[in-house]
Amino acid sequence: MEQVFKRPHALVDVSEHYCPGCGHGIVHRLVAEVLDELDIEGKTIGVAPVGCAVFAYNYFECDMQEAAHGRAPAVATGIKRVHPDKVVFTYQGDGDLAAIGTAETVHAAARGENITVIFINNAIYGMTGGQMAPTSLMGQVTQTTPYGRTEQNQGFPIHVCEMLSTLDGVALAQRTTINSVKAIKETKAAIKKAFQNQIDKKGFSIVEVVSTCPTNWGKTPVEAMKWLEENMLPVYPLGVYKDKE
Amino acid sequence: MSEKVLMKGNEALAEAAIQAGCKHFFGYPITPQTEVAAYMAKQMPKRDGTFLQAESEVAAINMVYGAAGAGARVMTSSSSPGISLKQEGISYIAGADLPCVIVNIVRGGPGLGGIQPAQSDYFQATKGGGHGDYHLVVFAPSSVQELVNLTKEAFDVADIYRMPVMIMGDGMLGQMMEPVEFGAYTPREIPEKTWATTGTEMKRKHNVVNSLYITASDLEELILERQKRYDVIEEKEARFEAYKTEDAEIIVTAYGITARIAQTAVNKAREQGIKVGMIRPITLWPFPKKAFAELDTNKVKNVLCVEMSMGQMVEDVRLSLDCKIPVDFFGRTGGVVPTPDEVLTKIKALYEGR
Ligand SMILES: Cc1ncc(C[n+]2csc(CCOP(=O)(O)OP(=O)(O)O)c2C)c(N)n1
Ligand code: SF4
C-alpha cells in the first residue's frame with residue numbers, strides 16, 4: 001500500500017507541547033516538510049526563540065541553537081558567518097521579533113543577512129500568559145491591556161512585512177496565514193521560497209504567518225480561526241510585500 | 001615571528017587573537033578600545049576571517065554566541081558601558097557552555113562615567129555580572145607582552161573548559177606602545193568540538209546549543225557538573241607573580257597597569273631600606289588565594305591593596321587572608337591613576353606603624 005501521509009523526517013517524533021488549535025504546530029510541520037523536500041536537513045542550523053516555540057530545538061532534527069529573547073537574528077548571523085554555505089533559519093514570535101528583538105531583526109534585514117526568518121504573528125504573548133504584543137490589535141483586551149489597546153496609551157500595531165520591505169537587504173517579505181488548506185499550502189510555498197532564496201544567496205527572507213493563540217485569546221480553536229479571519233486579516237493583509245528577483 | 005616589534009596594546013591584542021585562530025570578531029565602537037575593532041576590520045578580510053560591526057553590544061555578544069555555538073574561535077571587545085550591555089549574552093554563553101573571548105578595556109563608571117583608565121569593573125567581571133551561578137576566567141595582563149600571551153592562552157582556556165574568558169585591561173594598557181614578541185606562547189592541547197552546530201550531515205543526532213532546563217533537578221545537576229569544572233580551574237589555573245616577597249614585612253598587591261605603578265613604588269621603598277614585596281594576581285578569577293593564604297603571618301605585618309577603584313579586589317584579598325594579616329587599601333577612581341609616590345607614602349606609613 002502506498003503511504004500518502006507521514007511525519008516529515010526533519011520533525012522529531014515526540015509530542016509537541018502546543019495547545020490544541022495553536023498555529024505553531026502547523027508551521028513547525030511546514031518548515032520540516034520544506035527541509036525534507038529541499039533535502040537540507042543535514043546542512044541546516046535552526047535558531048529557536050524565547051516564546052511558546054522555545055522548545056523548537058527539541059522538535060527539529062537539524063542542529064539547533066536556543067537564543068535569548070529577541071536575539072535570534074543576531075545568533076543566526078553569528079552562525080551564518082561561520083558557515084556561509086549552511087542553511088540558517090530563525091523561528092520567532094511577535095514579542096521576540098518585533099518588541100525586544102526589533103533592533104536585531106531590522107539590522108539583520110538591513111545587512112541582507114542571508115538567513116530565513118519564520119515569524120509567527122499571533123497578536124499576543126503566548127508563553128507568558130497573554131500580554132499585549134507589538135502586533136496586538138487596536139482595542140484588543142489582553143492581560144496588560146485590560147481596557148483594550150488604545151491609541152493614547154499603547155499606540156499602534158507594528159506591520160513587520162511592510163516595514164521590512166523598505167530595506168534593500170530584504171529579498172522576500174511575505175505574509176500568509178493558516179486558516180484553510182489553501183492558505184496552509186500558500187504558507188508552505190512561501191516558506192520553501194524563503195529557504196530557496198537562502199540557498200540561492202539572495203539575502204534576508206521573512207515569512208510572517210498570521211496565526212492563532214486560542215488559549216490566550218480565550219477562545220476555542222474554531223472560534224480562534226474565525227477571530228483571526230475577522231479581526232487580524234483586515235489589519236494584516238496577506239501578500240508579497242517584497243520579492244527581489 | 002620571534003623578533004620584537006613595537007606595538008600598541010589594543011592592536012597587539014587584536015593581532016594575538018588572529019594568530020590564535022580567531023576567525024570572527026563582532027563589536028560595537030566605544031572608547032578606549034576602538035583600535036581593537038579597527039585592527040580587526042583591516043586584517044580579518046585579508047586573513048580569511050570576518051569582522052562585523054553589530055548594531056549594539058547586545059547584538060554583538062549574541063553573534064558571538066551563535067558563532068561560538070557553530071564551533072568557531074570568536075572574540076568581542078568593548079569597554080565598561082558596552083560590557084554591561086553584553087551581560088545578558090555572557091550569562092547565556094556561560095549557560096550554554098560555549099567558549100569565547102571577551103575583552104573589557106575598562107573605563108571609569110558607573111553610568112557613562114569617563115574614558116580614562118579604571119579597574120572598577122572587577123566585581124562585574126569576577127562575581128557574575130549577568131544572572132545565574134557562573135564564572136568567567138578573567139585574565140589581567142600588566143604589559144603588552146603579557147596581553148599578547150594571555151590573549152592567545154585565553155582562546156585555549158576557553159576551548160579546554162568550554163567557557164567564556166575575559167581579558168581585563170584598561171585604557172592605559174590599550175594605548176601603551178611596548179616591544180612584543182608574538183612567538184612566545186606555546187599552544188595548549190584542545191579537545192575537539194563535537195558539540196558544535198555544524199549541520200548533522202545526516203550522520204549524527206542533532207546538536208543543541210541551549211541554556212534552558214525547565215526541570216529544576218536537571219538544571220541543578222548541570223550547574224553542579226559545571227561547578228566541578230570550576231573547581232578544577234580554581235585548582236589549576238590560578239596565577240600570580242610574586243616580587244621580592246621572601247623577606248617582606250609589607251606586601252603590596254595590585255593587578256594590571258596598577259601593578260606596574262605599585263612595583264615602581266616597591267622599588268623606591270626598597271632603596272630606602274623598607275622590606276616590601278608585591279603579589280600581582282594575573283587571574284582575577286580564579287583568584288590566586290594561595291598566594292595570600294600561604295604568607296608567613298609572623299613576618300608579614302600588613303598587606304596593602306592598590307586599585308583604580310573604591311576597593312573591589314581588596315575583598316578577595318581579605319577573604320584569602322581570613323583576617324590573619326591586616327589589609328589596607330589605597331585607591332584612586334573615576335579614571336584617576338595613582339602615582340608611585342602616593343603608593344610609596346602609603347607603604348612608608350604602614351612600615352612605620354607595623
Ligand atoms: C529578557 C527576557 N524578558 C522577558 C522574558 C519573558 N518572556 C518569555 S516569552 C515572552 C513573550 C513571548 O511572546 P511571543 O514572542 O509573541 O511568542 P509566543 O509565546 O506568542 O509564541 C516573554 C516576555 C524572557 N524570557 N526574557
Ligand atoms: S499559549 Fe498560545 S501560542 Fe502558546 S502554545 Fe498555546 S495556543 Fe500556542
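No value in this document is a laboratory result; all are computed from the given coordinates. What you see is a predicted model; the values in this text were computed from it and never measured. As a convention, Cβ positions derive from the backbone with ideal geometry for all residues, glycine included, and neighbour counts pool all protein chains shown.
Kindly provide the helix-only [θ] at 222 nm of chain B, computed as the sum of -39,500 (n - 2.57) over DSSP H runs of four or more divided by all residues, to the nearest 500 deg cm²/dmol?
On the way: 12 runs with 142 residues, N = 354.
Here the helix-only value at 222 nm equals -12500 deg cm²/dmol.
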Within straight cross-link reach of residue B:289, meaning Cα distance under 16 Å, which aspartates and glutamates are found once same-chain residues fewer than 8 apart are removed? B:231, B:234, B:235, B:237, B:241, B:315, B:316, B:322
Provide, for q = 0.18 Å⁻¹, the log10 of I(q)/I(0) from a solvent-free Debye sum over equal Cα point scatterers in the range A:62-162. -0.82
Formal net charge of residues neighbouring residue A:236 (Cβ-Cβ distance under 13 Å; K, R +1; D, E -1): -4
Compute the label zone of residue B:188 within the range B:9-23: residues whose backbone N is under 16 Å from the point 7 Å along Cα-to-Cβ. B:20-21
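Report the net charge of residues surrounding residue B:83, where surrounding means a beta-carbon distance below 15 angstrom and charges are Lys +1, Arg +1, Asp -1, Glu -1. Mind dumping the intermediate values first?
On the way: positive: B:86, B:107, B:127; negative: B:57, B:88, B:121, B:170.
Net charge in that neighbourhood comes out at -1.
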What's the magnitude of the charge dipole for the range B:219-314 around its Cα centre, counting Lys and Arg as +1 and Asp and Glu as -1 at the beta-carbon? Answer in Debye, nearest 20. 400 debye
Sorting B:195, B:308, A:140 by the position of each Cα along the dipole of the protein assembly as shown (Lys, Arg +1; Asp, Glu -1; all at Cβ), the one nearest the positive end of that ordering is B:308
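For the protein assembly as shown, state the semi-axes of the equivalent ellipsoid (square roots of 5 times the eigenvalues of the alpha-carbon gyration tensor), sorted largest first and rounded to whole angstrom.
Details: eigenvalues 539, 114, 93 Å².
After diagonalising the Cα gyration tensor, the semi-axes are 52, 24, 22 Å.
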Which of the lysines could a cross-linker bridge to residue A:202, judged by Cα under 17 Å and excluding same-chain residues fewer than eight apart? A:80, A:86, A:192, A:193, A:242, A:244
How tilted is helix B:57-69 with respect to the longest principal axis of chain B? Cα atoms for both, answer in degrees (0 to 90, nearest 10). 70 degrees
Along Cα→Cβ, 7 Å out, is where each label goes; now give me the distance between the ones at residue B:342 and residue A:15 in nm to one decimal. 6.8 nm
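So what's Rg/Rh here for chain B, counting alpha carbon atoms and using the Kirkwood radius for Rh? Walk me through the numbers on the way to the answer.
Values: Rg = 20.6 Å, Rh = 20.9 Å.
Across chain B, the Cα-based Rg/Rh ratio is 0.99.
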Cross-link partners among aspartates and glutamates for residue A:219, C-alpha distance below 15 Å, same-chain residues fewer than 8 apart left out? A:229, A:230
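Please order B:336, B:180, B:36 by the number of other Cβ within 10 Å, starting at the fewest.
Working: B:336 14, B:180 23, B:36 28.
By the 10 Å Cβ count, ascending: B:336, B:180, B:36.
Can you compute the charge dipole magnitude of the range A:24-243 about its Cα centre, using +1 on each Lys and Arg Cβ and -1 on each Asp and Glu Cβ, nothing else charged? Give it in debye, rounded to the nearest 20.
The calculation lands at about 140 debye.
Given Cα pairs under 8 Å that are at least 6 residues apart, what percent is the relative contact order of the range B:55-102?
On the way: 43 pairs, mean separation 23.8, N = 48.
Reported relative contact order: 50 percent.
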Toward the positive end of the charge dipole of chain A, about the Cα centre and with charges on Cβ (Lys, Arg +1; Asp, Glu -1), which of A:8, A:109, A:20 goes farthest? A:109
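What is the range A:24-243's relative contact order, in percent, from Cα pairs under 8 angstrom and six or more apart in sequence?
Numbers: 453 pairs, mean separation 41.2, N = 220.
Relative CO of the range A:24-243 lands at 19 percent.
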20 Å cut-off, amide nitrogen to a point 7 angstrom out along residue B:227 Cα→Cβ, residues in the range B:109-127: B:126-127
Averaging the inverse of every distinct alpha carbon separation and then flipping it gives the Kirkwood radius. What is it for the range B:241-352, in angstrom units? 13.6 Å
Environment charge at residue B:306 (Cβ cut-off 10 Å; Lys +1, Arg +1, Asp -1, Glu -1): -1
Mean separation of Cα contacts under 8 Å (6+ apart) over length of chain B, as relative contact order %: 17 percent
Rounded to whole angstrom, the alpha-carbon centroid of the range A:178-194 lies from that of the range A:33-73 at a distance of 18 Å
Computed P(r) (all Cα pairs; the range B:189-295; 10 Å bins; percent): 12, 26, 22, 16, 14, 8, 2, 0
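Can you give the FRET efficiency for residue B:204 and residue A:39, using 1/(1 + (r/R0)^6), R0 = 25 Å, r = Cβ-Cβ distance, to the nearest 0.05? Please list the in-between numbers first.
On the way: r = 17 Å, r/R0 = 0.69.
Step by step, r from the Cβ atoms, then E = 0.90.
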Which whole-angstrom value gives the distance between the alpha carbon centres of the range A:81-113 and the range B:93-137? 26 Å
Evaluated at q = 0.16 Å⁻¹: base-10 log I(q)/I(0), Debye formula over Cα of the range B:1-63: -0.51
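What helices does chain A have that are whole DSSP H segments, at least 18 Å long along their own axis by Cα, and with mean Kyte-Doolittle hydropathy of 0.5 or more?
none
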Virtual spin-label span in nm between residue A:230 and residue A:245, 7 Å along Cα→Cβ: 4.1 nm
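Whole-Å semi-axes of chain A's equivalent ellipsoid, largest first, each the root of 5 times a Cα gyration tensor eigenvalue? Don't jump to the answer; show the numbers that get you there.
Details: eigenvalues 139, 90, 55 Å².
Three semi-axes, in Å: 26, 21, 17.
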